[in-house]
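To start, the structure itself, in structure tokens.
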Amino acid sequence: MKRICVVGTGYVGLVSGTGLADFGNHVVCVDIDKDKIELLKKGKIPIYEPGLKEVVDRNVKAGRLRFSTDIDKAIRDSEVVFSAVGTPPGEGGEADLRAVWAVATVFAKNLDGYKVFVNKSTVPVGTGRKVYELIRELAGRDASFDVVSNPEFLREGSAVGDFLHPDRVVIGSSNPKATEIMKDVYKALYLRKTPYVETNIESAELIKYASNAFLATKITFINEIANLCDKVGADVHVVAEAMGQDGRISPKFLHPGPGYGGSCFPKDTMALVEIFKEVGIKTKVVEAVVEANEHQKALVVDRLKELIPDLKGKVIAILGLSFKPNTDDTRFSPSKVVIPLLEKEGARVQCYDPVATKDFKRDFPDLDYKKSAYDACQGADAVILMTEWNEFRGLDLEEIKKLLKSPVFLDTRNVYDPADMRERGFIYGSVGRAH
Ligand code: UGA
């Protein structure tokens, strides 16, 4: 078991640090954000992530997990330092790596014996080498360290389970000594026979981008097939189910919707396009995915106009602001594209989300935020279900119909049954199930 420091207490850092402690390691999670660390010290979790608090609490109680703002000391006290800082999209779509360079710099400054620097954040191919060179330059010829790439595959909303029960652990390293240390860090998983992928740094870095871009492509593909289903009278759920029965395709990530969002797929697909450009070759596929996904978000408004042609002066209820259920994250959420387009058409929006309102307000401070789905539907000319929160799966539809001025229901996540909705008297639209 290792002494570990995790720098950055965002989704990835906090979940990884907590999970690594749960595997039996001694972990200190550090951040420059004093407020966040204060909250964590008080036992409060600064993000909405189901199940995280319980795992944090049990590891703090067991003395394996601590929080601190003293980054220098935390690094000096550790053998393995995980960098889990943000790598947001920069001006041109490439990843902004300033936070990673900052962690590498403070790592170099506190290098008082052999340590492993682990890149947990999603970073462009080649970053590991550059981090190595930077640390070497700052710490000197005699400094003893290795840089490892150990990408994370957790999903927001189910991050704890994904971390504790991963499909595989990817370790990209150029020194067997560092690889062995990483295997020790993940020993609990090794004992459970979780596959380890031991490879070089570049492959590990690319595995993450290739996986996310592939999943984004899969979603975009089924979205386009759903759009076609609408035109030809096919049912996308039957099509996707039968496609998924082919083991080579698999039924997962074949659910159509209003386009993917979140902090990962949009950022990583754009960054991958830039990585291709940088080495002087082109990716037509990933570029097309990025473009098609933006189109899919905008299509929500076209779908609504098929149900009510003129949106001028109409009141539209929006149910769901987060990019998917079980998260308060609204980054690249389809609602962020749809709401301004509705307003451009002259509509007024009343919206509701069970958890993500605070995050959404940062970009849209002046929207009409309601306290429940029913409040949002009150007096509206149509309702659009944007995120498949469980709460929206069990709506009292008779009540909703009474509250709406006209019973128009656009279900962008295909939560409800079209025949049943029509029988109930709704003018119902969904994605890829026209008939
Ligand atoms: C994604 C990946 O799934 C993780 O493996 C990866 O570690 C993570 O990015 C990351 O890079 O950190 P996440 O963005 O949290 O995780 O969420 P997903 O559950 O993958 O959903 C992404 C988007 O795709 C959501 O907007 C969701 O609504 C949409 N989606 C997903 C669909 O429209 N259809 C589907 O069938 C599945």
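Condition check: under 26 Å from residue 396 (Cβ atoms), not in a helix (DSSP H, G or I) and not acidic (Asp, Glu). Does residue 339 satisfy that?
no
Residue pairs whose Cβ atoms lie under 9 Å apart, separated by 6 or more positions or on different chains, with the first residue in the stretch 243-258 and outside the structural domain of residue 337 (by TED's automatic domain parsing) and under 28 Å from residue 322 (Cβ atoms) and the second modelled with pLDDT of 95 or more and assigned to a loop (DSSP other than H, G, I, E, B), do not occur. Do we have any residue at all in the stretch 98-108 that's at pLDDT 95 or above, surrounded by 23 or more Cβ atoms within 10 Å (Cβ to Cβ) and under 22 Å from the mean Cα position of the chain (by Cα)? The answer is yes, given that some residue of the stretch 98-108 is at pLDDT 95 or above, surrounded by 23 or more Cβ atoms within 10 Å (Cβ to Cβ) and under 22 Å from the mean Cα position of the chain (by Cα). The set of residues in the stretch 19-59 that are closer than 20 Å to residue 355 by Cβ and within 16 Å of the ligand (Cβ to nearest atom) comprises 47, 48, 49, 50, 51, 52. All of (1) part of a loop (DSSP other than H, G, I, E, B); (2) without any contact (Cβ under 8 Å) to a residue 40 or more places away in the chain; (3) touching a helix residue (DSSP H, G or I) at 6+ places or on another chain (Cβ under 6 Å) hold for residue 332 with one exception: (2).
Within the stretch 364-394, restricting attention to residues that are within 18 Å of residue 421 (Cα to Cα) and without any contact (Cβ under 8 Å) to a residue 24 or more places away in the chain, the residue that is surrounded by the fewest Cβ atoms within 10 Å (Cβ to Cβ) is 394. Of everything in the stretch 216-239 that is over 19 Å from the mean Cα position of the chain (by Cα) and of a type in the set (D, E, K, R), the residue that is surrounded by the fewest Cβ atoms within 10 Å (Cβ to Cβ) is 231.
Within the stretch 176-215, restricting attention to residues that are among the small types (Gly, Ala, Ser) and surrounded by fewer than 20 Cβ atoms within 10 Å (Cβ to Cβ), the residue that is farthest from the ligand (Cβ to nearest atom) is 188.
Does residue 278 fit the bill of being modelled with pLDDT under 95, of a type in the set (Asp, Glu) and away from the ligand (no atom under 16 Å from the Cβ)? Spelling it out, residue 278 is indeed modelled with pLDDT under 95, of a type in the set (Asp, Glu) and away from the ligand (no atom under 16 Å from the Cβ).
Is there any pair with a first residue in the stretch 81-108 that is assigned to a helix (DSSP H, G or I) and a second that is of a type in the set (D, E, K, R) whose Cβ atoms are under 7 Å apart and which are 6 or more apart or on different chains, and what are they? Short answer, once both residue conditions are applied: 106/72. Checking each residue in the stretch 216-261 for being more than 14 Å from the ligand (Cβ to nearest atom), among the aliphatic types (A, V, I, L, M) and not in a loop (DSSP other than H, G, I, E, B) picks out 228, 232, 238, 242.
Return yes when residue 147 is more than 16 Å from residue 86 (Cα to Cα), in contact (Cβ under 8 Å) with a residue 40 or more places away in the chain and in contact with a strand residue (DSSP E or B) (Cβ under 6 Å, 6 or more places away or on another chain) and no when it is not. Spelling it out, residue 147 is indeed more than 16 Å from residue 86 (Cα to Cα), in contact (Cβ under 8 Å) with a residue 40 or more places away in the chain and in contact with a strand residue (DSSP E or B) (Cβ under 6 Å, 6 or more places away or on another chain). Assess whether residue 267 counts as being in contact (Cβ under 8 Å) with a residue 24 or more places away in the chain and within 12 Å of the ligand (Cβ to nearest atom). It is true that residue 267 is in contact (Cβ under 8 Å) with a residue 24 or more places away in the chain and within 12 Å of the ligand (Cβ to nearest atom). Taken over the stretch 111-121, the residue count meeting the criterion of being over 14 Å from residue 182 (Cβ atoms) and buried (at least 19 other Cβ atoms within 10 Å of the Cβ) is 2. The set of residues in the stretch 1-60 being in contact with a helix residue (DSSP H, G or I) (Cβ under 6 Å, 6 or more places away or on another chain) and without any contact (Cβ under 8 Å) to a residue 24 or more places away in the chain is empty. Taking the listed residues 77, 70, the one that is in contact (Cβ under 8 Å) with a residue 60 or more places away in the chain, of a type outside the set (Val, Ile, Thr) and more than 27 Å from residue 331 (Cβ to Cβ) is 77, with no other qualifying. Does residue 141 meet the test of being surrounded by fewer than 20 Cβ atoms within 10 Å (Cβ to Cβ) and away from the ligand (no atom under 16 Å from the Cβ)? So residue 141 passes the test.
The values are calculated or read from the model by the stated rules, or taken from the named source; none is laboratory data. As the structure is a prediction and not an experimental result, all values here were calculated from the model. Every residue, glycine among them, receives a Cβ derived from its backbone with ideal geometry; neighbour counts consider all protein chains shown.
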